[in-house]
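See below for the structure under consideration.
We did not get these values from a lab; they are worked out from the coordinates using the rules stated. Because the structure is a prediction, the values reported are computed rather than measured. With ideal geometry, Cβ positions are generated from the backbone for all residues, glycine too; neighbour counts draw on all protein chains shown.
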Amino acid sequence: MNRTALLFSSMAFLLSAATCETDVVDDPGFQLWCGEQLCAWDLEEGEIRKVPTWHTHDYGVDLVGAPVLLSQGARSSASCVRIEVTSQIESGAMVTVEVDADGDGEVDWTVPVGSSERFVSRAHDVEVDVSIEAVFYLRKSAQGEAVVARLRVSEECAR
Amino acid sequence: MHSKGLFVVALLLGGVLSPSTAAAKEPFMEPFVEGQTWGLEVGLGLGWTAGSSAYTRTLETFGFENRVSLEDALVCCWNDGPPRFRFSGAVERIVLPYFSVLLQTNLLDREKWYRDSGVGEDDVFTWSSWTLDVHARAFLPVRKWFRVYAQFGVGPTFTGSRLYVRTTPDAEQTKYREVDVGYNVAGLGGLELTLKHAGFYVQGGYIYSPSPKNRFGDAHQSGGGILLFGLSAHFGRAL
């Protein structure tokens with residue numbers, strides 16, 4: 001390998017190491033709608049609605065009433081995941097993100113999503129081995145306004 | 001400080017003095033560009049604006065980031081973000097020996113933000129803001145080929161934005177265009193050196209322009225400090 005090729009391959013490696021985040025779920029922004037339903041997420045219980053957020057065409061999912069349960073299987077495995085939620089949740093509307101790490105039907109990790117009067121973004125690092133059979137849930141358990149604009153689950157390789 | 005105040009008052013008074021009164025009080029002053037009444041100005045320069053605003057913080061909340069562009073990389077290391085390219089164009093009508101009105105347009109902020117969509121291409125959000133103002137300019141013709149001036153303008157700001165995002169299972173992104181109409185106020189000063197028909201000017205000042213705004217009412221100050229260098233032209237019959 002000549003020097004130039006070595007230089008470029010080193011730069012490419014450093015660049016990939018610096019941006020090593022892999023999404024574990026599809027459509028983290030709740031942007032893809034197939035009619036009245038989300039294309040990438042399964043509505044297991046309750047009612048949802050497409051709503052605009054900061055921009056008329058940047059959507060969020062309104063979890064209407066309670067209970068509401070959305071789910072999605074993992075598209076890759078991970079040894080540690082970062083869960084980032086951007087949401088506007090009325091006080092009293094209990095919203096959680098749940099992780100069934102091996103797809104056995106048992107929830108292994110629950111991350112509460114705090115209430116806020118306007119949209120805020122929060123991140124949680126979850127140290128759990130997520131298999132390719134894992135399932136992620138977005139659950140609303142109590143009445144109150146709850147709009148989730150983003151639920152990103154990514155493998156954190158930086159640690 | 002006191003003398004500066006007097007100078008400004010003199011500039012402003014210059015606008016309301018009649019030609020005969022002005023000539024009587026300042027006989028040494030020659031009519032600027034021999035009294036031609038029309039002018040054109042085209043300028044390029046830099047603008048300094050606050051890097052962060054309620055608008056950009058909301059973009060960050062929703063996962064967008066303002067990646068460093070080539071333009072930014074060329075002018076590194078400023079506390080409030082790097083200076084941005086600015087453009088200005090104006091048509092001037094001299095209505096009194098020391099006073100003119102202008103129709104002026106300014107390019108303010110242009111920004112491009114990206115977001116990892118998680119479903120293919122990055123989402124992209126861009127905007128650029130333009131003003132279209134009426135300005136009142138009071139000027140002091142130190143010589144017929146040199147003047148200093150101060151001007152104040154108000155008018156609308158038009159911010160065109162584009163959001164490139166996937167909203168259907170199709171692989172293609174959809175482009176959504178919006179135009180935000182806001183307002184701006186501008187205070188500018190400058191000097192101009194010119195031959196009879198063509199010249200050069202330097203202009204600086206501040207523009208307050210809270211546009212664009214998002215659905216929550218968060219606004220971005222697209223104006224800020226501005227410094228322009230440009231070319232001017234003069235023509236038309238004398239006053």
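A few comments on the model shown:
- Residues whose amide H lies under 5 Å from that of residue A:40, counting only those 5 or more places away or on a different chain, are absent; hydrogens are built 1.01 Å from N in the peptide plane.
- Selection of trypsin sites (Lys or Arg not before Pro), the range A:83-143, meeting DSSP coil and at most 16 other Cβ within 10 Å: A:118
- Estimated Rh, the range A:22-156: Kirkwood, alpha-carbon pairs, angstrom: 14.6
- Extension gain for residue B:172-residue B:146 works out to 3.7 nm (0.36 nm per residue, less the C-alpha to C-alpha distance).
- Residue by residue, the range B:84-98 carries 3J(HN,Hα) couplings of 10, 5, 10, 10, 9, x, 8, 10, 10, 10, 7, 9, 9, x, 10 Hz when phi is fed to the Karplus relation 6.51 cos²θ - 1.76 cosθ + 1.60 (θ = phi - 60°); x denotes Gly or Pro.
- At 1.306 mPa s and 10 °C, Stokes diffusion of the range B:122-219 via Kirkwood alpha-carbon radius, µm² per second: 97
- Cut-off 12 Å between beta-carbons: net charge of the residues surrounding residue B:176, Lys and Arg +1, Asp and Glu -1: +1
- For residue B:213 and residue B:103, a Förster radius of 25 Å and the Cβ-Cβ distance give a FRET efficiency of 0.50, rounded to the nearest 0.05.
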